[in-house]
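Peer 1: Got a structure for you, questions after.
The values are calculated or read from the model by the stated rules, or taken from the named source; none is laboratory data. These numbers come from a predicted model, not from an experiment. Quick reminder, even Gly has a Cβ in these numbers, built from the backbone with ideal geometry, and neighbours come from all protein chains shown.
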């Protein structure tokens, strides 16, 4: 780097999710004056379980949080899925196919949020709640009530997939909602039927998918995130129908989930989530930068959203620390993140129709492609590499071991 920054910047971060809180932690460690703005009076996580990859765990290790998250979550060694009424395997990936000893961690989003939020509080980071930022005026942020707050040297939009600032100030290439979303809930995991180290899924063609992701122990009981794929346009119809009819539909796809499905007594026991595909031509504009889902939403098929956000936070702090000139630092940050983010955006977009669509072609094609790849050692290696969050291109990779030796992928 051409110049080493030696001064503190005054920075506003919009959003107290995973991207916002992790960015705040890194930038505060570097001596910056950081303020986090949150629209809710009481910050809380939105979403169900998530799968932390070695990339995300390596970033958390830099913040001293990885061991806490691992102890509270479930170590995941394998992802498995098959189509009903068929013996063909659709998904079978083990982290050990990439490197022995490598693993992911299934955790509830609230567990990760709580760890990052407590770190922010303990560090003395200013978190201003109940302030909805609706616009940016030069170096000030403007609240919903019209109050101008600032000035700030840098404004970071970490407000997530539904960012209202993105469409106002970013150079947006794509911003569209996927036609499929998911119903999800946190459930008690029956010990007799499901493994605590396995993300397990079943598929009916490409339009129905049910999955179980172990997320750790709560009140001495193993817990899991349950999710059911559903078209967005059918959600209201689902809400109006008898819940028992839907339960029968789930059991037709996966009879062994009976002990899980029986835990749902009303529609409100499940939450409906939608997903977006967002791509920016440029992740910064002036003194504003977009990170996490505000910059690069994808479908959840590869389980990379939280991990990409954590890597964003760490890399952004690196380049802001490395350059006195803010614009140059943002330019270098954008370049450093480009290939990694782009790979997973394209891979997610390519993969999604195989698992969430009405396409007869994709439903049948995955039998011949995915099943075959599950039995070829080099293909399993590449699949595990992709899953681990380390790919930056067809041949390119990054190594989380460069950030924390505990997660070395060499």
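Peer 1: Does any residue of segment 184-200 turn out to be more than 21 Å from the chain's Cα centre (by Cα), outside any strand (DSSP E or B) and on the phi > 0 side of the Ramachandran plot?
Peer 2: Step one: list which residues in segment 184-200 are more than 21 Å from the chain's Cα centre (by Cα), which gives 188-195.
If we keep only those that are outside any strand (DSSP E or B) too, we end up with 189-195.
Still in the running and on the phi > 0 side of the Ramachandran plot: none.
No.
Peer 1: Next up: Can you report the number of residues in segment 92-103 which are within 20 Å of the chain's Cα centre (by Cα) and assigned to a strand (DSSP E or B)?
Peer 2: From segment 92-103, those within 20 Å of the chain's Cα centre (by Cα) are 93-95, 102-103; that's our starting set.
With the extra rule that they be assigned to a strand (DSSP E or B), the set shrinks to 93-94.
Looking only at that region, the number is 2.
Peer 1: If you check residue 110 against the conditions, is it part of a loop (DSSP other than H, G, I, E, B), out of contact with any strand residue (DSSP E or B) (no Cβ under 8 Å at 6 or more places or on another chain) and closer than 23 Å to residue 185 by Cβ?
Peer 2: It is false that residue 110 is part of a loop (DSSP other than H, G, I, E, B), out of contact with any strand residue (DSSP E or B) (no Cβ under 8 Å at 6 or more places or on another chain) and closer than 23 Å to residue 185 by Cβ.
Peer 1: Select from segment 94-107 the residues that are in contact with a helix residue (DSSP H, G or I) (Cβ under 9 Å, 6 or more places away or on another chain) and surrounded by 24 or more Cβ atoms within 10 Å (Cβ to Cβ) and write down the one among them that is nearest to residue 38 (Cα to Cα).
Peer 2: If we filter segment 94-107 for residues that are in contact with a helix residue (DSSP H, G or I) (Cβ under 9 Å, 6 or more places away or on another chain), which is where we start, we get 94-99, 101-105, 107.
Remaining after also requiring surrounded by 24 or more Cβ atoms within 10 Å (Cβ to Cβ): 104-105, 107.
Details: 104: 29, 105: 27, 107: 23 Å.
Among them, the one singled out is 107.
For (1) assigned to a loop (DSSP other than H, G, I, E, B); (2) in contact with a strand residue (DSSP E or B) (Cβ under 8 Å, 6 or more places away or on another chain); (3) within 22 Å of residue 179 (Cα to Cα), each residue gets a yes or a no:
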position	(1), (2), (3)
223	no, yes, no
239	no, no, yes
244	no, no, no
257	no, yes, no
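Peer 1: Let me ask something else about it. Between 120, 126, which is farther than 30 Å from residue 251 by Cα, buried (at least 21 other Cβ atoms within 10 Å of the Cβ), touching a strand residue (DSSP E or B) at 6+ places or on another chain (Cβ under 7 Å) and in contact (Cβ under 8 Å) with a residue 40 or more places away in the chain?
Peer 2: 120
Peer 1: Among 341, 250, 311, which is the only one that is in contact (Cβ under 8 Å) with a residue 40 or more places away in the chain, part of a helix (DSSP H, G or I) and over 29 Å from residue 19 (Cβ atoms)?
Peer 2: Values: 341 fails: over 29 Å from residue 19 (Cβ atoms); 311 fails: over 29 Å from residue 19 (Cβ atoms).
Selected residue: 250, the only one of 341, 250, 311 that is in contact (Cβ under 8 Å) with a residue 40 or more places away in the chain, part of a helix (DSSP H, G or I) and over 29 Å from residue 19 (Cβ atoms).
Peer 1: Looking for whichever is in a helix (DSSP H, G or I) and either surrounded by fewer than 24 Cβ atoms within 10 Å (Cβ to Cβ) or touching a residue at least 40 places away in the same chain (Cβ under 8 Å) (or both) here; the options are 46, 69, 13. Which one fits?
Peer 2: On the way: 46 fails: in a helix (DSSP H, G or I); 13 fails: in a helix (DSSP H, G or I).
Of 46, 69, 13, the one residue that is in a helix (DSSP H, G or I) and either surrounded by fewer than 24 Cβ atoms within 10 Å (Cβ to Cβ) or touching a residue at least 40 places away in the same chain (Cβ under 8 Å) (or both) is 69.
Peer 1: Taking into account only those residues within segment 346-381 that are modelled with pLDDT under 75, part of a helix (DSSP H, G or I) and out of contact with any helix residue (DSSP H, G or I) (no Cβ under 9 Å at 6 or more places or on another chain), which is nearest to residue 277 (Cα to Cα)?
Peer 2: We begin by selecting, within segment 346-381, every residue modelled with pLDDT under 75; these are 353-354, 356-374.
Those still in the list that are part of a helix (DSSP H, G or I) too: 353-354, 360-373.
Still in the running and out of contact with any helix residue (DSSP H, G or I) (no Cβ under 9 Å at 6 or more places or on another chain): 360, 364, 367-368, 371.
Numbers: 360: 23, 364: 25, 367: 26, 368: 27, 371: 27 Å.
The extreme case among them is 360.
Peer 1: Shifting gears a bit: Among the candidates 138, 196, 143, single out the residue that is within 26 Å of residue 101 (Cα to Cα), out of contact with any helix residue (DSSP H, G or I) (no Cβ under 9 Å at 6 or more places or on another chain) and surrounded by fewer than 21 Cβ atoms within 10 Å (Cβ to Cβ).
Peer 2: Working: 138 fails: within 26 Å of residue 101 (Cα to Cα); 143 fails: within 26 Å of residue 101 (Cα to Cα).
Step by step, each of 138, 196, 143 is checked, and only 196 is within 26 Å of residue 101 (Cα to Cα), out of contact with any helix residue (DSSP H, G or I) (no Cβ under 9 Å at 6 or more places or on another chain) and surrounded by fewer than 21 Cβ atoms within 10 Å (Cβ to Cβ).
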